[in-house]
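The values are calculated or read from the model by the stated rules, or taken from the named source; none is laboratory data. Please read all numbers here as calculations on a predicted model, not as lab measurements. Cβ atoms come from the backbone with ideal geometry, glycine included; neighbour counts cover every protein chain shown. These accessible areas exclude ligands, DNA and RNA; they are computed on the full protein's heavy atoms, side chains included. Shrake-Rupley method; radii C 1.70, N 1.55, O 1.52, S 1.80 Å.
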Amino acid sequence: MTEDVLEVAVAELRPSLEALLMIADQPLDESTLASAAGAPVAEVASALAELAEEYAAQGRGFELRNVAGGWRYYTREEFAPVVEAFVLDGQQARLTQAALETLAVVAYKQPVSRARVSAIRGVNVDGVMRTLLTRGLVEEAGEDHSTGAHLYRTTSYFMERIGVSSLDELPELAPYLPDLDDLDDLEEELGGSGGMVPSGSAVTSVRADDTHGATGAGDA
């Protein structure tokens, strides 16, 4: 066992990390990378930070980011139009506006029941919620103690897709609702007459590059 660890450790750390991250289909945390590369976690953390700075300085078409508790390669934002044109060309299974709006409500109100999401949007969201669950963007989060209804929240995959490491990084709603300080007040005021989360918010503009799975149902 010792010989195996030493054999891995003698390889250059940074190229080893690049090789591991290249084949990863989800963010990898520093402990996982350290174990695979046979190196101390502190050295791995330092090497990852150096790689990220190096890619940025060189103006590469990709960058290394720490997202959702782990590290992963992402295409650089300024090249998004090129990537999107390639990936989405001819693709039809994209998140609909209804699905994006429902996802935004869950993101800002979580944990939240389907009934509450429906009240906020003013339409039945059962079909859309099934789509979000299938896509892995939303998951169950227990039950409401008073009603027994299932509660839902966004997943780490959701954070990965929009490029944040914490829900605290979601933008404030105030810029989109300048006359209202409390989303609950708006919900009561509308009485379920329509959606209140702005379609132009950062959450509803999440790139629909998750093109697998079924399209939204219901009002989708």
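Details
- Given a 1.4 Å probe and the protein chains as shown, SER166 ends up with an accessible area of around 40 Å².
- Heavy atoms of ILE162 accessible to a 1.4 Å probe, total area in Å² rounded to 10: 40 Å²
- Per residue, in Å², the accessible surface of the range 102-178 once ligands and nucleic acids are set aside, probe 1.4 Å: 47 Å²
- Accessible area ranking (1.4 Å probe, heavy atoms, ligands and nucleic acids excluded), largest first, for ARG76, ARG135, ARG60, ARG65: ARG60, ARG65, ARG76, ARG135.
- Given a 1.4 Å probe and the protein chains as shown, TYR73 ends up with an accessible area of around 40 Å².
- Across the range 117-131, coupling constants 3J(HN,Hα) worked out from phi with the 6.51/-1.76/1.60 Karplus curve, θ = phi - 60°, read 5, 4, 5, 5, 7, x, 9, 6, 10, 4, x, 5, 4, 4, 4 Hz, and Gly and Pro carry x.
- Heavy-atom accessible area, probed at 1.4 angstrom with all protein chains present, ranks SER35, SER46 as SER35, SER46, highest first.
- Ranked order, PHE79, PHE158, PHE62 - accessible area, probe 1.4 Å, largest first: PHE79, PHE62, PHE158
- Summing charges over neighbours of GLY70, with a neighbour being any other residue whose Cβ is under 13 Å away from its Cβ, gives -2 when K and R count +1 and D and E count -1.
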